[in-house]
Structure formats: C-alpha cells, structure tokens
Amino acid sequence: MDNDDSLHDSPAHPPTNRTGPRRSRLALATLALAATLAAVSACGSDDEGAPDKAFPTGGGKPTGPTVTVVLGAPTGASGADLERAREILDRRLELAGVPGTVELRDGRLVVTGAAADREVLTGIERRGRLEFRPVYAAEPVGAAAPAPPGATGSGELPGVSAELRATYAALDCSQPTAPPTTLPPADAPAAACAQDTTDGTVERFLLGPTALDGGTVQKATAEEPDEMPGQWQVTISFNSAGADKFGKLTTDLSSGSQPTDRLAVTLDGVVLIAPTVAQPLSGGTAVITGKFTRADARRIAASLQTGALPVPLTVESTT
C-alpha cells in the first residue's frame, strides 16, 4: 500500500496532501530545544506550567448539572496506586479545564464534573500510555495481509514470533477501534489497529518495540490552528533526552523503505498515526493530528502531560 503521509520539519506550513488513505500526520516544529529543559519522571512531566491558554483552569467543585463516573480498579490494587491514580485524574481535569473532583471511596475512584464537559470525561480513565514504535508491516483492513519481513526465518525482525505474525495476519480492525484490555510490553513487538480515519480507511500494523515513550514528554497542549479551523491537534514538547532519541529514531527510519520508513504513534495500544519519515528531524516538538474533536484533543493532551495511570481502570457506572 502506498502511504502519502510524511514527517516534516516545517510546522509553519504543514503538508496539505489529503489524497492518501491516511490523512493524519506528524510534523516536527522547528523551535530549538533549550539545553535547560527540565527532565520528566517515568510517569509524566514535572512541568507545572500553566495549562493551554485556550481553556480555563479546571479543578474545584463544578456548579450546575453534573455527571459522575465511578471507576473500578483491579483486585489487589494497592492503596498507593489508587491514590496516585486519583492524583493523576485530578490533574487531568485541571489541565483539560474541567471543574470537577476525584474522590477515593471504598476502593473505587469517583469522578464528578460539569455535565457540559461530559464528552471530555468520556475516556478520562484510559491509561494514557504514549509510544512511538517503528512499523514492520502494515495493511489496510480487508486486504490479505502479506507475510511480513522475517516471517520465513530470515531473522530480519528479531523477536517477532510465529504467534505474533499469525495475530497480525488475523487482526480485524474493521470495527470502531477501542484500546485493548491488556497493553503489549513496551520492549516487545506488537500487533495493533489504527483509529478510525476521516475517509474510513483503517490499517492493521505489526510494530517494533517502543523506541520512545510518554516519559519524555514535557508538555502537551490541545490546539486549533488558525489556518485549519475545526481541525484539532495535540502538540507535545519533549525533554532534552526525548528530543535526542527522536532525532536518532527519525534518522534511522528515514533511510528505510516502505513500510519500514514509517513511525507509528500509539496511545493505549491504538495507532493514532503512522506517517512516513522523509528526513531526519532534530527539533523538540511534535504535532499529532487526527480525527480529533475539541474534547478529544483536550483529554489526550491532559493524559499525555500527566503520564500513564499506575493501574488500569474500568467504568462501572455513569450518572
């Protein structure tokens, strides 16, 4: 399959080619990354800067009609993990500009927010695990998946088992894509589906181990560019270590050929975008675009900036 997306180093004039089956793109900003950027912890950014100026600061009790979401945790989740999850969810509300509260009650997390922000609250329980993975193989749903490189035992793809190749070949991504219940290990290859795209085309992917993760994200913001009204995007800034890794990763991928010159950006095991890397990129800011609503972009940006939840959470009820 031909892939018309590309990874560019010119955010002021992002690529406008929309003829291909994948309309999302990842562009790297040209802003230099200062050497003094603060490091972030393994579970997110320690940057306590102001949230996106487009949205009010959240936090505090909502006024007027409210919506309450009760979240359950796995049996055996520790009190420390639940308290950390509560703190992360509370911070997500604040960064997304949603007035609300998060309480820990009898081993459950109770999130209450303004009813007007219900769309933002939908999905707030997702882990928020951001990963950049090289693409080993990709195929649109409905087509017969070819045997990926290394399938005959040539050793081109270390760590790709026969079981994983079979999983990839049989992967059905035709239904609306939801995050998998169990996320694949970061240090191992994985099979994944892409999110729904604007033109309805969906791909399945065989991906390499994680090359870069959300622990290197210093800040994430939701934005609606003036030149692209209605097309919400999420801009992420890497810390210095992340910028260095991203530069090396794009250098390696830019010398490959289809599909191994593509880079998949995944959130909770679902591929958001997988553009072609046309050239090495050495800046410190990436722009992720997709079929995002305003609420989607706000929720994703808040999730990325706060880091992944320590335990998986499930929605038990919404009232």
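We did not get these values from a lab; they are worked out from the coordinates using the rules stated. Small disclaimer: the values here were computed from a predicted structure and weren't measured.
Residue-wise, which Karplus ³J(HN,Hα) couplings in Hz belong to segment 273-283, taking 6.51 cos²θ - 1.76 cosθ + 1.60, θ = phi - 60°, and x for glycine or proline?
8, 8, x, 6, 8, 7, 7, x, 10, 10, x
Return the long-range amide H neighbours of LYS219 (sequence gap of 5 or more, or a different chain), with a cut-off of under 5 Å between placed amide H atoms.
Under 5 Å from the amide H of LYS219: SER237.
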